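The values are calculated or read from the model by the stated rules, or taken from the named source; none is laboratory data. Predicted model, so just to flag it, every value in this text is computed and none were measured. Backbone-built Cβ (ideal geometry, glycine too); neighbour counts: all protein chains shown.
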């Protein structure tokens, strides 16, 4: 299948990530952009760029006809969807296929089968993959309650078409069931247009561990070890690492083989992730399969030394997987922090706006997958991710300490961000000891109550002290290029605390 020019149907850091691999492979790229993204970095970096409409995603990035039109105008013969937007849209995959355009992702039927959590669960059961005890049949509210009592509380309500933590409710007692079910149905309907909800037995303090799988059109399948994604807030991942501190070599092999059973069952092609919940006894249960490249794929690239986007393109061309299972490396440890424009002091509310100062970390075994630059705008219309900062070390603690050091280099001005939160997490004892579970952030350990009620004054004093220290150390005032002092460069850590 020809892949000579790739349109990237996405934006931000993932669009730039794909562009970089395409550059290495000598493949021209086509960017698309909305009104809010006219000056975005992915627009500047692509070979060509085309305007596709208003800032709201449903009127631009999610309009399939506009993407197809740009393919025709630009001569792009392949589309990389990144993640989000059209990446798990079977209708889009079929439309590209009908137009003779290579979709760099799985076949439409795979997206359909694994897009519904209940259908995916049925596939996993048929394939012999362990699943959490639960109810997936269509039932009325009262029937679901009675069936849940038989499973035993606590139970987890989940939207059948869900993702991103939406439509999920933990129910610890039968008295809470009816109201929680109503909220779960309402959120599922508003988020996915389908109020179907199923029930699973809730695992106490579970770990979220996922297996990266890769398959080609020749029937070859491999797994690229695991990622631990247990550090979550509101069921959304915050920190990812590879491998997992909980997984033994025997468990890794068992999980990898279970994941491949699911991939083979649907004749999977391309990059995919099979997600599991694991308990303290190292029992693991199928959760879902994501039929796309994951946000957290850099940590897998660190420990394997492989370029997953390049593998996606090779598979889309019809080539065989470059390596067999026995040849997949596993070297050291990798850690990733999702850096967001959000305010930890206001329940992590998004903080869109213009980035007036930016200095990103660098150095040995430090990687920053970013979609912004100094002067760029973080729009209010999309996910407020600034970058994914990742580090590698020969051991887990070395990767953590390298991350902690890298975070101290990160400077962002003009907007609020979560860098200080990540720094606190790197020093949090349970995290450093690997005592992870999906509720580890339920207790806001990053809020230092010992500073007392006058926290704002303490923060201001710390900032002033740091400013005075940096000014004393400076032999000459920093300038902005025209001989005038640059306040941002002198303040350095402004907006960090």
(Q) Every residue in the range 165-184 that is in contact with a helix residue (DSSP H, G or I) (Cβ under 9 Å, 6 or more places away or on another chain) and part of a loop (DSSP other than H, G, I, E, B), please. (A) 166, 167, 168
Q) If you scan the range 109-123, which residues turn out to be part of a helix (DSSP H, G or I) and either touching a residue at least 40 places away in the same chain (Cβ under 8 Å) or closer than 12 Å to residue 90 by Cα (or both)? A) 109, 110, 111, 112, 113, 114, 115, 117, 118, 120, 121, 123
Q. In the same structural domain as residue 335 (by TED's automatic domain parsing) and either in a strand (DSSP E or B) or over 22 Å from the mean Cα position of the chain (by Cα) (or both) - does that describe any residue in the range 416-423?
A. no
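So that you can scan it fast, the table gives a plain yes or no per residue for (1) closer than 22 Å to residue 87 by Cα; (2) surrounded by 17 or more Cβ atoms within 10 Å (Cβ to Cβ); (3) in contact with a strand residue (DSSP E or B) (Cβ under 9 Å, 6 or more places away or on another chain); (4) assigned by TED's automatic domain parsing to the domain that holds residue 289:
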{"site": "100", "(1), (2), (3), (4)": "yes, no, no, no"}
{"site": "119", "(1), (2), (3), (4)": "yes, no, no, no"}
{"site": "126", "(1), (2), (3), (4)": "no, no, no, no"}
{"site": "140", "(1), (2), (3), (4)": "no, no, no, no"}
{"site": "146", "(1), (2), (3), (4)": "no, no, no, no"}
{"site": "151", "(1), (2), (3), (4)": "no, no, yes, no"}
{"site": "158", "(1), (2), (3), (4)": "yes, yes, yes, no"}
Q) What's the number of the condition residue 106 fails, among (1) in contact (Cβ under 8 Å) with a residue 60 or more places away in the chain; (2) within 22 Å of residue 309 (Cα to Cα); (3) assigned to a helix (DSSP H, G or I)? A) (3)
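Look at residue 61 and say whether it is part of a loop (DSSP other than H, G, I, E, B) and outside the structural domain of residue 378 (by TED's automatic domain parsing). Even if it seems obvious, please write down each step before you answer.
Details: part of a loop (DSSP other than H, G, I, E, B): yes; outside the structural domain of residue 378 (by TED's automatic domain parsing): yes.
In short, yes.
Among the listed residues 326, 336, 301, which satisfies the condition of being surrounded by fewer than 16 Cβ atoms within 10 Å (Cβ to Cβ), in the same structural domain as residue 379 (by TED's automatic domain parsing) and not in a loop (DSSP other than H, G, I, E, B)?
Working: 336 fails: surrounded by fewer than 16 Cβ atoms within 10 Å (Cβ to Cβ); 301 fails: surrounded by fewer than 16 Cβ atoms within 10 Å (Cβ to Cβ).
Residue meeting the stated conditions: 326.
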**Q.** Some residue of the range 221-235 being part of a loop (DSSP other than H, G, I, E, B) and either over 22 Å from residue 400 (Cβ atoms) or touching a strand residue (DSSP E or B) at 6+ places or on another chain (Cβ under 6 Å) (or both)
**A.** yes
Q: Kindly provide the set of residues from the range 21-44 that are under 22 Å from the mean Cα position of the chain (by Cα), more than 20 Å from residue 88 (Cβ to Cβ) and free of Cβ contacts under 8 Å to residues at least 60 places away in the same chain, ordered by number.
A: 31, 33, 43
